[in-house]
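Every number in this text was worked out from the coordinates using simple rules, so none of it is lab data. The shown structure was predicted, so the numbers you read here are calculated from the model rather than taken from an experiment. Cβ atoms come from the backbone with ideal geometry, glycine included; neighbour counts cover every protein chain shown.
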Amino acid sequence: MDLNGVTIDDTYAEAFPTWVSRVIITAVTKKYAYNAAVEATGFATSAIGCPCEAGIEGFVPAEETPDGRPGYAILICAGKKKLKAQVVERLSECVLTAPTTAVFDGLPEAEERIAVKLHFFGDGYEYQKEVGGRKCWVIPVMNGEYVGEEDFGIVKGVAGGNFFVMGENQMAALMGAQAAVDAIAGVSGVITSFPGGIVASGSKVGSKYKFMVASTNEKYCPTLREKVEDSKVPEGVKAIYEIVIDGVDEESVKNAMSAGVKAATKVPGVVFISAGNFGGNLGPFKLELKDLI
């Protein structure tokens, strides 16, 4: 199958369940909200070596936030047992400490809830008040007051949606991947947790070294095309980037993959689109590329 002259591989991305918390961070300006969101989603690219996967979903204008200030929505994704601790740690260390911030639950309709009790930091000076119809805690801090909800909804989402952008040279593949990430940024309910949304070092489970839980995926390394059996690198491809997507549900991940693939195929020098899977052994979600376009 071709799209815009780019070959679309007849394969699927294999995704798996995760639990997701959506947090809205506001501040006095868009810049300060963004700064806090960046810090709160740090060191959260892959569950292989990070405590969670997290990223910025997108900007939330002032007219859509509980306190009428600009904000950013972030998604934090992890196993159900780990998720609460990650939300608590990231809000307490990265948002409570940031100038002028407030936090609100981004999934108020979710049935499953977690308690994120930061108000004890107030050392007895904390108090409750209503903001935008929501019950919040207020903690006195050096620049005034920190305001935050402490009851957050969580939903069972989907992690690991993915596709590979393959180019005839490094810059073509990189620009294709960037176009994909830019397109995905317009899709709600999803994140691309890797740096700038682009994965350069795709991995496989295990290694020849027993102490490594993951290692380079040699079948997708262009420089090893003639050196490994069953290379997945098509002839003429010199660089590959992977886009990995987590979302609040399967439909959101599919929409993001569709937007990203379509955008990547419009970039000159992008010649092939594929996806990663483990033969159905990783997760129950099989996202067929052909169905997305």
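Would you mind pulling out the separation of the Cα centroids of the stretch 164-223 and the stretch 109-140, in Å? Here the two parts' Cα centres lie 38 Å apart. Normalised by 2.2 N^0.38 Å, where N counts its residues, the alpha-carbon radius of gyration of the stretch 1-79 equals 1.46.
Taking the C-alpha atoms only, the angle from helix 30-40 to the longest principal axis of the chain is near 70 degrees. Here the calculated FRET efficiency for GLU63 and GLU250, from their Cβ-Cβ distance with R0 = 41 Å, stands at 0.85, rounded to the nearest 0.05.
Set the Cα radius of gyration of the stretch 19-155 against 2.2 N^0.38 Å, with N its number of residues, and you get 0.96.
Against the longest principal axis of the chain, how steep is helix 250-264, in degrees 0 to 90 to the nearest 10, with axes from Cα atoms? Between helix and principal axis, roughly 50 degrees. Restricting the stretch 177-255 to GluC sites (Glu not before Pro) that sit in a DSSP loop and have at most 12 other Cβ atoms within 10 Å of their own Cβ leaves GLU226, GLU229, GLU235. Remark: relative contact order (the stretch 19-155) = 28 percent; criterion is Cα-Cα distance under 8 angstrom and separation of 6 or more residues.
For the stretch 195-261, take the convex hull of the Cα atoms, compute a quarter of its surface area, and give me that in nm², please.
Values: hull surface 25.5 nm².
Hull-based average projected area comes out at 6.4 nm².
Taking each DSSP H run with n ≥ 4 as -39500 (n - 2.57) and averaging over every residue of the chain yields -6000 deg cm²/dmol at 222 nm. The Rg/Rh ratio of the chain, with both radii computed over alpha carbons and Rh defined as the Kirkwood radius, is 1.03.
When the Cα positions of TYR34, THR216, GLY160 are compared along the charge dipole of the chain, THR216 comes out farthest toward the positive end, with charges on each C-beta of Lys, Arg, Asp and Glu. P(r) for the stretch 66-109, from all Cα pairs and a bin width of 5 Å, is 5, 17, 27, 27, 15, 6, 2 %, short bins first.
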